[in-house]
Structure formats: structure tokens, C-alpha cells
Amino acid sequence: MNLAKHFAERHAEPLLDMTKILDKEASELWQLYSTADKDDIKLLSNRSDLRFSEADMTNTFRSLKSENSSEFDQVSKKMIKEIPEHFHVILPHAYSQLFSAINWDNEWKLARTICLNKSDNPVPTTNQLRPISMLPVFSKVYEKLFLLRFNRWTIK
């Protein structure tokens, strides 16, 4: 199997079994969201109680690993962790505004995938590679914040 085929299969659309309730509901929900008007979605987002707090920022920064390596945005997780806590008060509003505006910067969508060789073979096969996806740190912070709030919302 060549590398292109491996990643094409890995990132193909999931196969849904419509006899399963969860797959059927997921498909119906996706169809509903796919046909939704962007202005309606924006209106709902502005009314959302999904707001991030200073404590959310602090906890999210603390949860990051202290890695010196930076992604292509040249910002490392260690740099983010070292932002003084008195600046954490500025960031929740900015991240909340991004969510309300349904804004996800194109630079934050970029990912670089590198493959590490898991074997001693100088020409590894695809099953001997370990892919690692590298995302911008601010994107990771936003994702962690969103998941934090989303998880709280699901248990309400």
C-alpha cells in the first residue's frame, strides 16, 4: 500500500450503517446543519451562553504540555503557558468573540503532518509510519476551550 492510498483511506468519509440509530441520527443532523442558513447559525451563536472565562483560559493553559517546539506559527506551547496570569483576563473575551462571529482563521485550519519511522527500515511501509498532525497552538487552545464548554453543555 502506498502512502497516498493509506491517507486517502484514512481520511475518507465514514461508512454509516443506517440500521443503527446513532448513525441515522448523525446523518439526519448533518443534513439539517448542512442546509442551515449561515445568518441563522450566526444569530444562534450570538445568543449562545458559550462564553469563556478567565478560569477557563488559565486551566486550558495549564493543561498544555510544556513543549519548546513550535508549529509553523512559530509559537510554542511553553510560550503560551508562560503568559502572565494577569493577561488571562484579556483573552476570554477575544475567544468568545471568535466563537460568536463563527470566525475560524484560515491559518488556524492549516495542519502539517509528519510521519515518524517506527522501524529501523530506511524505507518504511505505511504500517511502519506514525503520523503526527501539527496544529497552531492558538487553534489547540480554542479547541480545548470549546470542548470544555461543550462537555459542560452536554451534561446540563
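Here, each number is a calculation from the coordinates, and none is a lab measurement. Fair warning: this is a prediction, and the values are worked out from it, not measured in the lab. With ideal geometry, Cβ positions are generated from the backbone for all residues, glycine too; neighbour counts draw on all protein chains shown.
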> Could you give me the ³J(HN,Hα) list for the stretch 127-134, computed from phi with Karplus coefficients 6.51, -1.76, 1.60 and θ = phi - 60°, whole Hz, x at Gly and Pro?
Replying inline: 6, 9, 10, 10, x, 10, 9, 9
> Among the helices of the chain (complete DSSP H runs), which have Cα atoms covering no less than 24 Å along the helix axis and a Kyte-Doolittle mean of at least -1.0?
Replying inline: 137-154
> Using a Gaussian network for the chain with springs between C-alpha atoms less than 10 Å apart, which of these wobbles most: Asp37, Asp56, Asp73?
Replying inline: Asp37
> Which order do peptides 23-36, 127-140, 81-94 fall in by mean Cβ count within 10 Å, highest first?
Replying inline: 127-140, 81-94, 23-36
>> Explain nothing, just the number: dipole magnitude of the stretch 38-154 about its Cα centre with +1 on each Lys and Arg Cβ and -1 on each Asp and Glu Cβ, in debye rounded to the nearest 20.
In response: 280 debye
> What residue among Lys144, Lys118, Lys109 shows peak mean-square fluctuation when the chain is described by a Gaussian network model with Cα springs under 10 Å?
Replying inline: Lys118
> If you work out P(r) over Cα pairs in 5 Å bins from 0, in percent from the coordinates, which of [x] 1, 7, 11, 14, 16, 15, 15, 11, 7, 3, 1, 0; [y] 2, 8, 12, 12, 10, 9, 7, 7, 8, 8, 7, 5, 3, 2, 0, 0; [z] 2, 8, 12, 12, 10, 7, 5, 4, 4, 4, 4, 3, 3, 3, 3, 3, 3, 3, 3, 2, 1, 1, 0 do you get?
Replying inline: [x]
> For Asn151 and Ala101, what does the FRET efficiency come to when R0 = 35 Å and r is the distance between their Cβ atoms, rounded to the nearest 0.05?
Replying inline: 0.95
>> Could you work out [θ]222 nm for the chain from helices alone, using -39500 (n - 2.57) per DSSP H run of at least four and dividing by all its residues? Round to the nearest 500 deg cm²/dmol.
In response: -15000 deg cm²/dmol
> So between Glu54 and Leu32, what do we pick up on full extension, going 0.36 nm a residue minus the alpha carbon distance?
Replying inline: 4.5 nm
> Can you tell which of Ala111, Met57, Trp153 lies farthest toward the positive end of the dipole of the stretch 38-154, using +1 and -1 charges on the Cβ of basic and acidic side chains (Lys, Arg; Asp, Glu)?
Replying inline: Trp153
>> With an 8 Å Cα cut-off and a minimum separation of 6 or more residues, compute the relative contact order for the stretch 38-154 in percent.
In response: 29 percent
